[in-house]
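A short worksheet on the structure shown next.
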Amino acid sequence: MMAVLAMAASCVAVWLTVAYASPANAASVFFGILGPFLAVAVTWLLVERVARQSPAALTSVMMIGFVVKMVLFAVYVVAVVRLAVVDWTAFTISFAASFIALYAVEALLLRRLVARLT
């Protein structure tokens, strides 16, 4: 849970910095960060829970989550681009950057978790 709170604080700090520096791009960057953050936060909370209850099921849960996230990310990007008034460039850059950064953090957390389990 602390990891999710730290990621949330980091995301908010990045968004506030961008909103201050470039208010015109604040909404685009918000939506660019929101999708990857929600995906990583939900995934990490689920991974922690499964690791406590049944570590052997961790790989299968992560594979199912991967497929679900592929579909949800496609729907999310299309929905944001069509329904929200966002700058496509700012959204794409913030989405890609936050996706890479948050998944790198999740990979490091997972490595630490698996090391504790073995």
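List of remarks:
- Local electrostatic count at residue 103 - Lys and Arg +1, Asp and Glu -1, tallied over other residues with Cβ under 13 Å: +1
- Accessible surface area normalised per residue over the chain is 64 Å², counting heavy atoms of protein chains with a 1.4 Å rolling probe.
- Residue 112 accessible area, 1.4 Å probe, all protein chains in place, Å² to nearest 10: 140
- With a 1.4 Å probe rolled over the protein heavy atoms of all chains, the accessible area of 61, 47, 81 falls in the order 81, 61, 47, largest first.
- Note on residue 22 and residue 107: the model spin-label points, each 7 Å out from Cα along the C-beta direction, lie 2.6 nm apart.
- Over the residues of the chain, the helix contribution to mean residue ellipticity at 222 nm works out to -31500 deg cm²/dmol, using -39500 (n - 2.57) for each DSSP H run of at least 4.
- The share of accessible area on segment 34-77 that comes from carbon and sulfur is 79 percent, using a 1.4 angstrom probe.
- Kirkwood hydrodynamic radius of the chain, from inverse mean 1/r over distinct Cα pairs, in Å: 15.1
- Of the residues 88, 15, 44, ranked by 1.4 Å probe accessible area with the largest first, the sequence reads 88, 15, 44.
- Once all protein chains are placed together, residue 31 keeps about 60 Å² accessible to a 1.4 angstrom probe.
- Cα-projected label distance for residue 74 with residue 115, points at 7 Å along beta-carbon direction, nm: 3.7
- Cα gyration tensor category, rounded, prolate or oblate, for segment 1-69 with a/c compared to 1.5: oblate
The values are calculated or read from the model by the stated rules, or taken from the named source; none is laboratory data. Owing to the predicted nature of the structure, the values given are computational and were not obtained by experimental measurement. Note that each Cβ is placed from the backbone with ideal geometry, even for glycine, and that neighbours are counted across all protein chains shown. The protein model used for the area step is the full one, side chains on, heavy atoms only, and it has no ligands, DNA or RNA in it. Shrake-Rupley method; radii C 1.70, N 1.55, O 1.52, S 1.80 Å.
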